[in-house]
Amino acid sequence: MPSDTAGSWTPVALSADLPAATVIPAWTPAGSIALWRSQSGRVSASSDRCPHRGMRLSHGFVRGEALSCIYHGWSYSPAGGCIRIPAHPDLEPPETIRVAVHKVEEAGGVIWVAAGEAAAHPPHFDDLVPVRSLTVESDIGALEDAAGTKIDPLGLVRIADLPWVRLLSTEQVDCTLVHVMSEKGRSSPSDRTAASRIAETVRRRAEARQREVA
């Protein structure tokens, strides 16, 4: 979850989950976004609604250095301005046609998006490497109970049963997004498998606890 230490940066995805020329839906406290990576590798975070007909841009596609709406193909630059309207190929779109964009940074295999006024930079976890992401159908409290430890100011939950594994956790609407991280010295294939399995165990525990209090 965002914290005072983390400013208002939200860890929305792992770098490995966003290859070049793709777009995926993501979430910040400010609402849903279209998270996309251009053909050259630049990561951008745009509002998830095309201003033309309101279609979700996360359902769209990336071509070159632009994000295009799946409905009528209106295309937007990383800065948010409309740069192409296929139905009017000779028209230079007016400056007023644009989507909101958010500050985004990539650090240590994690993609962070700023919601509102953020601290200068998101946290950097130099001693951790990302393993995978998963969605837990519980709140942070149930996740803490399942892991056996409390979330720290940077949003990390250490798993008591396997203390070299951390869960970088962000509470969303009706669920918690978790990025499984392991200590750098424990990043072999067998260690990554173990980290993934213990995270799944914690997920099941947390969801069971959530059902108990529902």
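Values quoted throughout were computed directly from the atomic coordinates according to the rules given, and no laboratory measurement underlies them. None of the values given here were measured: they were computed from a predicted structure. When we count neighbours, we look across all protein chains shown, and the Cβ atoms used for this are built from the backbone with ideal geometry, even at glycine.
Note: the stretch 9-114, Cα convex hull, 84 Å³ per residue. Here the dipole of the chain is about 500 debye; that uses its Cα centre as origin and unit charges on the Cβ of Lys and Arg (positive) and Asp and Glu (negative). Distance distribution note for the chain: the fraction of Cα pairs above 29 angstrom is 31%.
Listed by Cβ neighbour count within 10 Å, with the fewest neighbours leading, Phe125, Phe61 appear as Phe61, Phe125.
Dipole of the chain computed with +1 at Lys/Arg Cβ and -1 at Asp/Glu Cβ about the Cα centre; of Pro86, Trp9, Gly31, farthest Cα towards the positive end is Pro86. Working note: Karplus 6.51/-1.76/1.60 with θ = phi - 60° gives the stretch 121-134 the couplings 9, x, x, 10, 9, 5, 9, 10, 10, x, 10, 6, 10, 8 Hz, where Gly and Pro are set to x. From its DSSP helices (H runs of at least four residues, each -39,500 (n - 2.57)), the chain gives a residue-normalised ellipticity at 222 nm of -5000 deg cm²/dmol.
How big is the dipole moment of the stretch 119-191 about its Cα centre under a simple scheme where the beta carbon of each Lys and Arg is +1, that of each Asp and Glu is -1, and everything else is neutral? Debye, nearest 20, please. Walk me through the intermediate numbers first.
Details: 6 positive and 12 negative charges, 58 e Å.
With Lys and Arg at +1 and Asp and Glu at -1, about 280 debye.
Residue farthest toward the positive end of the dipole of the chain, with Cβ of Lys/Arg at +1 and Asp/Glu at -1: which of Ser169, Gly116, Ser188? After comparing all options, I get Ser188. Taking all Cα-Cα distances within the stretch 128-213, those exceeding 15 Å account for 49%. Axis angle, to the nearest 10 degrees, between helix 189-213 and the longest C-alpha principal axis of the chain: 90 degrees. The charge dipole of the stretch 9-114, taken about the Cα centre with unit charges on the Cβ atoms of Lys, Arg (+1) and Asp, Glu (-1), comes to about 180 debye, rounded to the nearest 20.
Using DSSP to call loops (not H, G, I, E or B), can you name the GluC sites (Glu not before Pro) in the stretch 92-185 whose Cβ has at most 13 other Cβ atoms within 10 angstrom? When the GluC sites (Glu not before Pro) of the stretch 92-185 are filtered for loop state and at most 13 Cβ neighbours within 10 Å, Glu95, Glu117, Glu137 remain.
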